[in-house]
Ligand code: FAD
């Protein structure tokens, strides 16, 4: 192993891989390690029966930044997938995000004027709530009873693992309603899925770079540090400092996967289950991300979960308590000028893929 690297990059996810690619282009030498047995971090896709399976949750690439769109397309071609999820409530299907198709299904209204009138009527029943104290009150004020109780309440309570009356109101400050028949979930200019999967994108980023998987930084920290002049750390910031001030909290997920001997299970990539009594939040049918025609299909039920030591940390909980704790770790991090903390775990921040790419490119510019 070369002992003269410019950068030891802990984590072969999107942040680590984009950073490694960018500095390598400028002649720096990198060693990328990951504790998992594969590269690509949470955007890892595995080919099963010809289907690209999103192993850590469904990922749809979307951005309005043309530079970032051109950047990812310079490594892999993207298809023209458009995310149009459905919601299943007690066996009835509703289009998301909330649009004329949803309103038609809910109330039979056929024009934007009819829909607006109905929404206003639903909201007016809660006009006595002037300062919503929790998510439930906020949702009643913004959307009224039907939309809240059929499409928001159960899903949100499952996601957060507590009643909507105990979730802060600020979580849904706005609820965009579309007064047209557009089921495209995202408002971004560009959207799609890499043809051949996200793993291919990351493998392309890492061409010509030394990569070691199944290597946990904390198992061999001193020897690994000795290999490079600088470190890019994309793991958990609290773990880096040995949880000195306490543990940052996350929401986790677990997945139940099934390969089915039928060509088509639900006719759509994403179907949300908005009833509280159904324990999972959604079913993903992976082949529909790439318009697959395989004879079999692969589905994943996604269950929200409490986070514990052995579970994946998926979503940071950005409440006051965790933000205060994060600030303490960030103060410590500032004292380590040879270490760059980047990505969703090291920054304790929910980032979409295009945000992480932008962050990694911009950070890399400080080191070339
Ligand atoms: P990661 O991908 O987590 O990479 C960090 C890597 O560091 C991991 O591979 C980990 O194994 C490694 N690591 C950690 N600690 C150590 C250690 N001690 N030693 C060695 N290696 C270590 N974004 C979108 O744009 N569209 C979507 O549709 C979308 N869907 C999502 C769905 C879910 C369920 C989730 C949770 C996120 C979603 N995202 C989506 C966000 C997307 O996953 C992130 O933007 C992206 O994965 C962040 O990359 P990263 O490199 O920061 O983190």
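The numbers here are math on the coordinates, done by the rules we state, and not lab data. For clarity, every value in this text was computed on a predicted model and none was experimentally measured. Every residue, glycine as well, gets a Cβ built from its backbone with ideal geometry; the counts of neighbours run over all protein chains shown.
Quick notes on this one:
- Relative contact order %, the range 1-136, counting alpha carbon pairs below 8 Å whose residues are six or more apart: 12
- Difference of contour (0.36 nm per residue) and Cα-Cα distance, residue 361 to residue 335: 7.1 nm
- Gain on full extension, evaluated as 0.36 nm per residue between residue 264 and residue 219 minus their Cα-Cα distance, stands at 11.8 nm.
- For the listed peptides 15-21, 141-147, a ranking on the average number of other beta carbons within 10 Å per residue, highest first, reads 15-21, 141-147.
- Volume in Å³ per residue [convex hull over Cα atoms, computed for the chain]: 152
- Helix-only mean residue ellipticity at 222 nm for the chain, each DSSP H run of n ≥ 4 adding -39500 (n - 2.57), per residue, nearest 500: -8500 deg cm²/dmol
- Sorting the segments 282-291, 35-44, 110-119 by their residues' average number of neighbouring beta-carbon atoms within 10 angstrom, most packed first, yields 282-291, 35-44, 110-119.
- Length-normalised contact order for the range 88-152 - Cα pairs under 8 Å, 6+ apart - percent: 25
- Taking max minus min of the alpha-carbon positions on each principal axis, the range 72-144 gives extents of 54, 31, 27 Å, largest first.
- Among beta bridges from DSSP that stay inside the chain, the antiparallel ones total about 65%.
- Gain in span if fully extended, residue 241 to residue 184, counting 0.36 nm per residue against the direct Cα distance: 16.3 nm
- Centre separation in Å (Cα based) which lies between the range 273-317 and the range 35-93: 13
- Between the range 122-173 and the range 4-19, the alpha-carbon centres lie 42 Å apart.
- Global geometry of the range 305-368, whether rounded, prolate or oblate, following the gyration tensor of its Cα atoms and the 1.5 cut on a/c: oblate
- Considering only alpha-carbon pairs that sit under 8 angstrom and 6 or more positions apart, the relative contact order computed for the chain is 27 percent.
- Principal axes of the range 235-302: Cα extent on each, largest first, Å: 52, 28, 17
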